[in-house]
Amino acid sequence: MVFAVAISLPFVLLILLAVGLMWGTDGARADETAACNGTSLVQQLAASNPQKLAEARAEAAAVPNGSGLLWKVEKPGTEPSWLFGTMHVTDPRVTKMPSAAQAAFDAAGTVVIETIDILDPAKAQAALMSKPELTMFTDGTTLDAFLDEDETEIIKAELARRGIPLALVSRMKPWMIAGLVALPACEMARKAEGVEFLDIKIANTARDEGKQLLGLESIGEQMAAMADLPMEFHVRGLVETIKLADLMPDIMATMTGLYLEGEIAQIMPVILAAGPEQLEDDASSYAAFEKRIVTMRNHIMTERADPILQAGNAFIAIGALHLPGEEGVVALLQDAGYTVSAVR
């Protein structure tokens, strides 16, 4: 299911981090392929159904602030700051920031990411262990209690393909297991090799250069946001993610391509337009997921970013999916009295 990938980009690395802290990564499995072989759904649509592609782009064009990765944030009496949309993957095309964003980062005195907890594996692990109910069934329940026979076999087969017995992860919450299967093998291979994803690279560089480094959320808050969603929602997401496993490389290629172009608002419309018919049936589920995982957090991050922006000369890097929309961070900052303009 597409929401398990597209909208959880700000979370998918955290999911993988949690899994990695507990299980590590199987090097043999990680070496299955180092290449990302997906084909952008934009290219597929352009060839097979240009009308659908045009409709998807028109839908995206109606989204406020849907285009652009780097935004200048200004208010009279304060030094300008910068807001940059990230993609939480290790793709080298993504981890190399555009020149304008790099220049803004270099000049900033303060650097902010979503959560600095991910820089300290021990702290992240402690946060998970302090509230095990966020990531694990703690009442004796196991995942198969929520699955029918066919769903159990689907999940068991996919995990077995990755060298993971279902019994080993049966007490994990479904969204944790989804983190094991959501990304293409190439992304997992780079993770296994210790390649930093963009946000961590930004944070580590800032720390090495002696810049003030801050976070807008705790990892516990992010985990709690996922855990707040109904169990049926998580189970369905896990099963559908596995059913669409063959499409995941194309979804990742699509998101990466559109991200590099700065066309963030096109991601969901294009995936829905090009994907299997069942994706369109997930619109209501997507809306519920977006409200809790994206919109509510947008308000929190904006509120917490305000005093940092008032101090000026900050570079704030958050998941790009938090930028667009009427309740995106760009619009919320504008509502708060800032002038926020895209840097092309």
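Bear in mind these aren't lab numbers, they're just calculated from the coordinates by the rules spelled out. All values reported here derive from a predicted model rather than from experimental measurement. Every residue, glycine as well, gets a Cβ built from its backbone with ideal geometry; the counts of neighbours run over all protein chains shown.
Among the conditions (1) in a helix (DSSP H, G or I); (2) in contact with a Leu (Cβ under 9 Å, 6 or more places away or on another chain); (3) surrounded by 14 or more Cβ atoms within 10 Å (Cβ to Cβ), Q43 misses just one, which is (2).
Scanning segment 123-163 for residues that are among the β-branched types (V, I, T), without any contact (Cβ under 8 Å) to a residue 40 or more places away in the chain, surrounded by 13 or more Cβ atoms within 10 Å (Cβ to Cβ) and not in a helix (DSSP H, G or I) returns T141, T142. When you check L238 against the structure, is it under 17 Å from the mean Cα position of the chain (by Cα), in contact (Cβ under 8 Å) with a residue 60 or more places away in the chain, crowded, with 21+ Cβ neighbours inside 10 Å and within 24 Å of D91 (Cβ to Cβ), yes or no? For L238, the condition - under 17 Å from the mean Cα position of the chain (by Cα), in contact (Cβ under 8 Å) with a residue 60 or more places away in the chain, crowded, with 21+ Cβ neighbours inside 10 Å and within 24 Å of D91 (Cβ to Cβ) - is not met. With respect to being surrounded by fewer than 20 Cβ atoms within 10 Å (Cβ to Cβ) and of a type in the set (V, I, T), T95 fits the description. Kindly evaluate V169 against the criterion of being touching a Ser or Thr at 6+ places or on another chain (Cβ under 7 Å), under 26 Å from L134 (Cα atoms) and surrounded by 17 or more Cβ atoms within 10 Å (Cβ to Cβ). For V169, the condition - touching a Ser or Thr at 6+ places or on another chain (Cβ under 7 Å), under 26 Å from L134 (Cα atoms) and surrounded by 17 or more Cβ atoms within 10 Å (Cβ to Cβ) - is not met. Suppose we keep only residues that are of a type in the set (D, E) and either outside any helix (DSSP H, G or I) or free of Cβ contacts under 8 Å to residues at least 24 places away in the same chain (or both) within segment 245-275. Which one would you say is surrounded by the most Cβ atoms within 10 Å (Cβ to Cβ)? Here the answer is E263.
Filter segment 164-201 down to the residues that are in contact (Cβ under 8 Å) with a residue 40 or more places away in the chain and among the charged types (D, E, K, R) and list them by number. Answer for segment 164-201, where residues must be in contact (Cβ under 8 Å) with a residue 40 or more places away in the chain and among the charged types (D, E, K, R): K173, E187, R190, K191, E193, E196, D199, K201. For segment 191-228, residues that are surrounded by fewer than 20 Cβ atoms within 10 Å (Cβ to Cβ), in contact with a Ser or Thr (Cβ under 6 Å, 6 or more places away or on another chain) and assigned to a helix (DSSP H, G or I) total 2.
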